[in-house]
Structures are given as C-alpha cells and as structure tokens.
1. If all Cα-Cα distances of the stretch 126-263 are sorted into 10 Å bins from 0 onward, what percent lands in each bin, rounded to whole numbers?
2. Let me know the shape class of the stretch 302-345, please: from the alpha-carbon gyration tensor, a ≥ b ≥ c as square roots of the eigenvalues, rounded when a/c is under 1.5, otherwise prolate if a/b is greater than b/c, or oblate.
3. Please say if the stretch 127-168 is rounded, prolate or oblate, where rounded means a/c under 1.5 for a ≥ b ≥ c the square roots of the C-alpha gyration tensor eigenvalues, and otherwise the choice is prolate for a/b larger than b/c and oblate otherwise?
4. Once both labels are modelled 7 Å past Cα along the beta-carbon direction, what's the Glu357-Asp180 spacing in nm?
5. Between Arg154 and Gln410, what length in nm is gained on full extension when 0.36 nm per residue of separation is reduced by their alpha carbon distance?
6. Give me the net charge for the shell around Ile153: Cβ to Cβ below 11 angstrom, other residues only, Lys and Arg +1, Asp and Glu -1.
7. How big is the equivalent ellipsoid of the stretch 39-146 along its three axes, where each semi-axis is √(5λ) from the Cα gyration tensor, reported in whole Å from largest to smallest?
8. Mind giving me the nanometre distance, one decimal, between the label points for Glu385 and Arg164, set 7 Å out from Cα along Cα→Cβ?
Amino acid sequence: MSVVYWILILNLWILKATSLQAGSRTVLREISSNNGGGGGSDPKDYAVELNITNFDEVLKDTPATYAIVEFFAHWCPACRNYKPHYEKVARLFNGPEAVHPGIILMTRVDCALKINTKLCDKFSVGHYPMLFWAPPTKFVSAGWEPNQAKSEIRLIDDGRTAERLLNWINKQIGSSYGLDDEKFENEHPPSNISDPGQIARAIYDVEEATTTAFDIILVHKMIKSETRASLIKYLQLLVAHHPSRRCRKGSAEVLVNFDDLCPPDMWSSDRHEVATNNVKGVPSNFQICGKEVPRGYWMFCRGSKNYTRGFSCGLWVLMHSLSVRIEDGESQFAFTAICDFIHNFFICEECRQHFYEMCSRVTSPFSKARDFALWLWSAHNEVNERLMKEEASLETGDPKFPKIIWPPKQLCPSCYHSRGSKDQGSNQIEWDQDEVFKFLISYYGNTLVSLYKEKGFLAEDRTKATLDDLVASTNAVVVPLGAALAIALASCAFGALACYWRSQQKNRKYYHQLHSLKNI
C-alpha cells in the first residue's frame, strides 16, 4: 500500500481529532440550539445586529444588492423611539419571511458597546441614530467622513420615520415598495431567459438547495446502512467540485467526521431515546454551507408564486455546475454519485423514479466530462418536456417561468443548427453539441461563480480554497503550538486528499479501506 495513502489516513485522523475539539464551530446544529436561556433577540426584530467582529463578514457575504447600516446607542431615547420605524422597513427586506428578499440588507450597530468604538469612529458617527446606504461590499474595510469626496457610502438624510425611509429607498432604486406589502405571492419577478448574467445570483440558490437537501435527509431519517455509501460518495463530489467555497468546507467537515455524526445506528430506537433525553445527541440538520445558510429565500430560482421553482431549480443548477467542473476521469464517478443521491435521497417519488430511469438507460461508462455534462443537459430537457405537458393540462406551472427547452435561442443562438418551432421537443431540434457544451461551461461554470469572484470568496485554486477553509474552521480557537501544527498538517493533507480523489477515482476503494481500518 502506498506511502501517500497512509499519510492521508494519518492526517485525516488528526484533522478529525482537531475538528471535534473546536466545539465552538459545530458541524451539526442541535435541536436544543433554540431552547437555551438568555441572549436571544426579540423575534420581532428584523434588522441584523452587527459588531466589529462580524461587520465585514456579514456585509461581504450577503446576497443583497444594497445595505443600510444604522449606528445607534441602546441608551439613547431617540434611538429607542426610532427602532419601531426602522423595523417596519426591515420587515420588508430581511429574514426568511421577507416580502422583498435579497434586495436590501438592513443592519444595526450599537455604538454604546465598547467593542464597537473603533467601528463607529471609522464612520464618523456624531449623533444617534445615523443611517448609511451603499452596496454591501462598499462597507467592508471602509469608513466615512462628512466631507469625503466620491464616496459610494451615502448618509441617509431623510429617514426619520418608516414612511420617509421607505420613500428615500424607493427614490434610490426606482421602486414602489409600501409598508403594507405582504409576501411575494403573485408578484412578478423579472424573467431571466435573455440575461445570462442573472445566473450569477444562483450561487446563493445552490447553497440554499444544498442545505435544504441535507435538511430533508435528516428530517426524514434517510441515512441508513444501505444509503450511507451513496451519501459519502456525493459528499466527496461536493468537497472537490461544489461551486461554493463554504459548501466545500462544510462538506469536508461532515465527510471527515461522518462516522461520529452519522453512526450506522443513528436512527435506532434505543439510540434515539438516549439522544432525545440528552438533547445534544439529536442533530436537526447539517450545517453544510455555513451558519448563515439556509437563508429561507431564493434569488435566481425564485418563482412568481410561493410553491413554484425554488428547491428543484437550485438542485438542477447545482448538478449542472458539478458536471462542468469535473475532469474526464471523474465523469463516471460523478454520474453514479448524482444518480445514487437522487435515487436514495430525493423525496419526490415520481421525480425520483423518472430520474433514475434515465440513469438506468445509460449502458456504457462515461469517459469524458463533456459526455456527462451533455447527458445531464439532455436529461434536464427530457424532464422539462414531460412537465411542460403535465403543467399545461393541469395549469400547475409558473406562468412567469414556464418550462422550456434549454438553452433558449436568446441565450445561445449558436447552439441551434435548425430553428424549429417554439413547441418542438429537444429531440426534434438539431443541436450543435459542441456549442451547447461551451455554453454549459460558461453559464454554469464561470458566470455562476462570478459574484463570488468579485467578492473575493474564491481562491485562484480550488484546492487552496479548501486548505484555507479547513484552517479557518478552527474558528480562532486558541490551541497549543503542537495542535496548531497538527491542524495545518491535516489541512494540507486534506487538500492533497481532494486532489487524490479527483485524479485517481479510487473513492469507493478508499472508503472501504478506511472503514476496515477503523474496524467498522
């Protein structure tokens, strides 16, 4: 057995030990997390509380197009009186029940707390409350001065009531929001068919779909002896190729600690009873894409009605993004990983069976990434054709986003050899598959992650990103020098492991060897 293999085994064990010690950064949320005493904010508060420790991170991370930061002091009577006005507006934009999600992030900073003194000084806070407006990333590592020229951070000078603040916002972005607006039912979001750049906002939906999928797995107790191997294989695929850095990080942590987080008897009656009594032993869902996800709303995948698009759209985008990131030698592994994941963990029975039937029709192993990406594209169009007919007869589709053959000519005219009619199925269109593959790579590859590249969330090398993330996952816990070296060594080993999985395609063999070594 190779020296490289044993080095990887040793360092995976070290990484597992150090990650479990970092108790402040748990991979699984617990049912008891919302039942602890003290410290919880009022559920009626919609504005996000910021301080010096999370200010840059939250504003850099938000999918919102704009942000408002209110600087206040908790002892200030005027601030206390203004809070209900600010919260009326924040209700429209913040949180899972937001009426208009993903547009404006409304936040607050308490300058009366000593921890925030330097932050408030950077923004020249001279009275309370003071409100600032800018694209979120413009606040990051920035400040504001009264006579500063060409600053993209603007002081809101007319927002002393909820009505006036919302009017000021409407003037800035050309909107007509009202304080009485309710949930977005029947609202008509702009169509995304002709604008290829809109897929960039789907990076947030990919994270949302990844987290939602694992929430479903836990809620429905779907991790069983016969499904564990397929889940591990899928996690390996996510570690190496998920388009979101934070999801690669979370997947790596889950994979390394899989046996402790998901023991074979995790849903046995005895274990469940003991875990319930101890509370902490019962996981509610994987924190697989970070503590901020799920956000509770969709961006690119948002439908015009509450029950349309959403999760299924996000899952398709994720699968397409995986298909254009793999290497040739990984194509068959990616195919089986995705097919088995849908077969074992997608809870819509008819959709699950239909997808797996398409998988079963494939008789020869994939040897090229191009072939797998085009197969998934063709399968998606087959699903759309089936749903087009059903939704037309039952009138259950989204009127703003009807199912179509993908990609439409507006997005990729070069993908079509023949024009065909509007209602022609994919099989009746003469496709230029070379052009289709180029489109898929551009659309689900580079364009999908373009927002994260702009925000600096992506390292130049995906392996380096995984290394950095695993080091960061210790959450700045103070450890002895020896432990710190172990963390660094383990992180490097995991980066090597990701490359090893991707280049050698020995995932199944590796999994069995690792678990036999641990006497499972």
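1. Cα pair-distance distribution for the stretch 126-263, in percent: 8, 23, 22, 22, 17, 6, 0.
2. It comes out oblate by the Cα gyration axes.
3. Cα axes put the stretch 127-168 in the prolate bin.
4. Output for this residue pair reads 5.0 nm.
5. Working it through step by step, the gained length comes to 88.4 nm.
6. Residues close to Ile153 contribute a combined charge of +2.
7. They are 20, 17, 12 Å, listed largest first.
8. 6.1 nm
The values are calculated or read from the model by the stated rules, or taken from the named source; none is laboratory data. Only a predicted model underlies this, so the values are computations on that prediction, with no experimental measurement involved. Here Cβ is always computed from backbone atoms with ideal geometry, including for glycine, and neighbour counts include all displayed protein chains. All accessible areas refer to the heavy atoms of the entire protein, side chains included, with ligands and DNA or RNA removed. Shrake-Rupley method; radii C 1.70, N 1.55, O 1.52, S 1.80 Å.
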